Amino acid sequence: MIRLENVNKVYDDGFQALKNIDLTFKEGDLNVLIGPSGCGKTTTMKLINRLIRPSQGKITVGGKDISTIDPVELRRSIGYVIQSIGLFPHMTIAANVAVVPKLLKWDAKKIERRVDELLDLVGLDPDTYRGRYPSELSGGQQQRIGVIRALAAEPDIILMDEPFSALDPISREQLQDELVRLQQELKKTIVFVTHDMDEAIKIADNIVLMKDGAVVQQGRPETILRHPANEFVSSFVGKKRLLGFAEDIPTVDDVMTSQPVTAYPTRGLAEAVKMMQSKRVDSLIVVDQWKKLRGAVTIYSVLEHYRDESKTLADLAKPFPHVVPSGTPLPEALRLMTEQQTPYVAIADGEGRFVGMVTRGSVVKHLADVYPAPEGA
């Protein structure tokens, strides 16, 4: 367990980087520190291995005050992964992974076994990769080596400072998955710094959201998504991510298409065909002058009766089998569409007037708006 008690950090120029930090990182948890630039997240992480010293307060690891531990000894007992990877370019992959075990004077055979074991752990064949140099690896492979180097001496604690932020989106997602898999297997106590909320939600057991050197909210991802502490947390998390939780569950009104092609029941079939051609649709919603739903007609039913000039849309309109009131939670409408195997449901207001439709297309569009593709994707 890692404990920070009433920790402050004030630099020589008077800038207060941290303000009364009280945090507990439980053993075996993956803890993510996140917040805007300059919020103090990296400073907080670096306190743990004494790369930075607090101006005030106490930091304990396993109940022991780290100010009483030799800093070199402390750092050798804590894994550390940084954004720039930091592999030694003149050393082989095996030598890079073995740096700390060698400093700890491990037996050569034990080091060799450990290197091969770790390469296997991240899917890199030891026979293929142990003798290579960093320049011969991709960015994602290099970062994997950075991670296993931090694991080499079997530390209980690993610090990770935005380790994946320089990678392309595909490599980054693969390494996030790899980290989650490794953590489920190894159960290390990890402190992970990121500025990416999606990354935090994906990997964290515990999220610490910081602003201006202070902790704004701490908790499980589910807790923060469902119960943001204030407007800053809501804004930083992203209100679109909050959809689907608590009072932000979307309704059919948020997702529906409000301008489907409608026609009066008195319209003839030739008029209906012309409307469908011009609007490029294969069906029409039939509503009366008061916007009450009369049903729907498809191009197929219109063409089937096209030669009968006496017919109007009123004769062909089939009632909507599924109409839900405005304000219905979207999950209810989606469940209805799934259970009844229907591609759409109609929405009516309190007086039965047609206001829109939820279709498969409108749901997909809503999801694309809420979860836009990453830039460059």
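The values are calculated or read from the model by the stated rules, or taken from the named source; none is laboratory data. Please read all numbers here as calculations on a predicted model, not as lab measurements. Note that we place each Cβ from the backbone using ideal geometry, even for glycine, and neighbour counts take in every protein chain shown.
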Item to check | G63 of a type outside the set (S, T, Y) and either within 23 Å of M197 (Cα to Cα) or surrounded by fewer than 19 Cβ atoms within 10 Å (Cβ to Cβ) (or both) | outcome: yes
Checklist entry - Residues that are touching a strand residue (DSSP E or B) at 6+ places or on another chain (Cβ under 6 Å): which helices (runs of 4 or more DSSP H) entirely in segment 73-128 hold 3 or more of them? => result none
Checklist outcome for this item: Restricting attention to segment 8-39, the residues that are over 17 Å from G79 (Cβ atoms), crowded, with 22+ Cβ neighbours inside 10 Å and not basic (K, R) number exactly 5
Checklist entry - Just wondering, is there one or more residues in segment 333-354 that are on the phi > 0 side of the Ramachandran plot and modelled with pLDDT of 85 or more? => result no
Checklist entry - Are any of the residues in segment 343-353 touching a Phe, Trp or Tyr at 6+ places or on another chain (Cβ under 7 Å), crowded, with 16+ Cβ neighbours inside 10 Å and either farther than 18 Å from M276 by Cβ or assigned by TED's automatic domain parsing to the domain that holds P265 (or both)? => result yes
Checklist entry - Which is touching a Leu at 6+ places or on another chain (Cβ under 8 Å), assigned by TED's automatic domain parsing to the domain that holds G62 and over 30 Å from S77 (Cβ atoms), of V216, V208? => result V216
Next on the checklist: Would you confirm, using the coordinates I've provided, whether I59 is touching a residue at least 24 places away in the same chain (Cβ under 8 Å), of a type outside the set (S, T, N, Q) and in contact with a helix residue (DSSP H, G or I) (Cβ under 7 Å, 6 or more places away or on another chain)?
Outcome noted: yes
Next on the checklist: Please verify whether G86 is farther than 30 Å from R3 by Cα, modelled with pLDDT under 90 and either small (G, A, S) or surrounded by fewer than 19 Cβ atoms within 10 Å (Cβ to Cβ) (or both), treating the condition exactly as stated.
Outcome noted: no
Next on the checklist: Looking at segment 316-336 only, could you name the residues that are in contact with a Gly (Cβ under 7 Å, 6 or more places away or on another chain) and aliphatic (A, V, I, L, M)?
Outcome noted: A317
Checklist entry - Inside segment 117-136, can you point out the residues that are crowded, with 16+ Cβ neighbours inside 10 Å and within 28 Å of A204 (Cα to Cα)? => result L118, L119, L121, V122, L124
